[in-house]
Amino acid sequence: MYKIAVLPGDGIGPEVINEALKVLDVISKKFNVKFDVKEYAFGGIAIDKFGCPYPKETENACLNSDAVLLGAVGGYKWDILNGDKRPEAGLLALRKSLGVYANLRPATLFKPLKSASPLKDELLKDGLDILVVRELTGGMYFGPRGTEKIDGGFKAYDTEVYETAEIKRIAITAFETARKRNKKITSVDKANILDTSRLWRSIVNEISKDYPDVELNHMYVDNCAMQLIKDPSQFDIILTSNIFGDILSDEASQLTGSIGMLPSASLRGDKVGLYEPIHGSAPDIAGTKKANPLATILSVAMMLEYSFDMKDASNAIKEAVNKVLEDGYRTADLGKGKLVNTEEMGDKVAEYIGVVKC
Ligand SMILES: NC(=O)C1=CN([C@@H]2O[C@H](COP(=O)(O)OP(=O)(O)OC[C@H]3O[C@@H](n4cnc5c(N)ncnc54)[C@H](O)[C@@H]3O)[C@@H](O)[C@H]2O)C=CC1
Ligand SMILES: CC(C)CC(=O)C(=O)O
Ligand SMILES: [Mg+2]
């Protein structure tokens, strides 16, 4: 029996989580594994109910679970709040409390979605399979920040801080992962300007000495943003900092057809893993049944693989997603096809996994 703390969150979060749980239920029956699934308040909804985005009860449940499955947080309603009072601050606190420093974001193009990608056919002939390995518990989002009143207005600052140990461990994750993939890493930084990036680069170079079989190159982040569109086939693993990984993975997602396709796993060695789609709470489409649940469903596939060592079950989900897309079913973000809403897409994946619908 695996204990899963589920944090639906805000906006489309609960909508996509419903579909992910539908799929998990089918997996439970097909693979005869029990999941103890409990939902907890998190994000804006927790602010409304308890006055804080990451209540103690939720934190205890997450720390005592085998895995955490998250929808998304945030929304217009809470945009007037500042700093630690915001739903997004709860997200940072969750990641920090679990210590999940390694955020794996696979940008994979499912073949049936080729026409939904903005890339030309010749750039997609070998498909698209990039893994962004993003440092998740340090850097700009966790450095000192503040706003102070000064003559003539205000002064606001955010600070990027990285220590050797933080860079070492994420670099090791990337090199170990590279050995299981195509042995190629592009480390992305801004070492022509930032001290943190120069430290990043020197430590990545140092770690690379232990992995002579893995090809390493370095690229500035502005160039990387451009190269991703120009020729994404040059990338296999992109190893980068918290803020750069956040931005580049949203960009990479678009090459796969939609941000609604990208799952993620946030890991820390053998500790509790956190699984979430890379997208946010999409308040612009919340309540319209337009949300694509596949990123969250694919996050369940990552959970099965990384936290529960259930590779067959994980593959069953990925194959079902591919088949559903092959048969032409599309949520609105995926372009032309047999238009389905959020629930219908979840139903289709559940059905295609090969168990009687429940
Ligand atoms: N992990 C999390 O909980 C995250 C939360 N946020 C929060 O989410 C809120 C909205 O942020 P945005 O910048 O608009 O980013 P977003 O990722 O929520 O949405 C960006 C665009 O992509 C679309 N989109 C996102 N997910 C989709 C899906 N599954 N299916 C179809 N379309 C989808 C949205 O409709 C929107 O047009 C903010 O409060 C933000 O802080 C943003 C990113 C991550
Ligand atoms: C809302 C941010 C704190 C995080 C984010 O955009 C992300 O992790 O993708
Ligand atoms: Mg983001």
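The values are calculated or read from the model by the stated rules, or taken from the named source; none is laboratory data. Being a predicted model, the structure only gives us computed values, none of them experimental. Heads up, the Cβs are rebuilt from the backbone with ideal geometry, glycines too, and the neighbour counts pull from every protein chain shown.
Computed quantities for the displayed model
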| item | result |
| --- | --- |
| All positions within segment 199-234 that are farther than 30 Å from G257 by Cα and of a type in the set (G, A, S) | S202, S208 |
| Selected residue (criterion: nearest to S28 (Cα to Cα)) from residues of segment 322-340 that are touching a helix residue (DSSP H, G or I) at 6+ places or on another chain (Cβ under 6 Å) and buried (at least 20 other Cβ atoms within 10 Å of the Cβ) | V324 |
| Segment 232-252 - residue that is closer than 10 Å to V188 by Cβ and more than 13 Å from the chain's Cα centre (by Cα) and, of those, nearest to ligand 3 (Cβ to nearest atom) | F244 |
| Residues located in segment 271-324, provided they are of a type in the set (V, I, T) and within 16 Å of ligand 3 (Cβ to nearest atom) | I278, T296 |
| Conditions (1) buried (at least 18 other Cβ atoms within 10 Å of the Cβ); (2) closer than 25 Å to G11 by Cα; number of the one not met by A316 | (2) |
| Residues of segment 301-358 satisfying the condition of being in contact with a Gly (Cβ under 9 Å, 6 or more places away or on another chain) and under 30 Å from K271 (Cβ atoms) | M302, M303, Y306, S307, A316, A320 |
| Listing of strands (runs of 3 or more DSSP E) fully contained in segment 226-312 that carry 2 or more residues being in contact with a helix residue (DSSP H, G or I) (Cβ under 8 Å, 6 or more places away or on another chain) and surrounded by fewer than 24 Cβ atoms within 10 Å (Cβ to Cβ) | 265-267 |
| Residues of segment 238-290 that turn out to be within 12 Å of ligand 1 (Cβ to nearest atom), of a type in the set (D, E, K, R) and farther than 27 Å from K125 by Cα, as a count | 4 |
| P112 buried (at least 21 other Cβ atoms within 10 Å of the Cβ) and farther than 25 Å from M310 by Cα | no |
| Filter result for G71 (part of a strand (DSSP E or B) and either over 22 Å from the mean Cα position of the chain (by Cα) or acidic (D, E) (or both)) | no |
| Condition met for S241 (touching a residue at least 12 places away in the same chain (Cβ under 8 Å), outside the structural domain of R95 (by TED's automatic domain parsing) and closer than 19 Å to R181 by Cβ) | no |
| Residue under evaluation D158, criteria (1) touching a residue at least 12 places away in the same chain (Cβ under 8 Å); (2) in the same structural domain as H218 (by TED's automatic domain parsing); (3) away from ligand 2 (no atom under 16 Å from the Cβ), criterion not met | (3) |
| Residue in segment 9-58 that is nearest to I317 (Cα to Cα), counting only those that are assigned to a strand (DSSP E or B) and away from ligand 2 (no atom under 16 Å from the Cβ) | F35 |
| Unmet criterion (only one of (1) over 14 Å from E276 (Cα atoms); (2) away from ligand 2 (no atom under 14 Å from the Cβ); (3) buried (at least 21 other Cβ atoms within 10 Å of the Cβ)) for A67 | (1) |
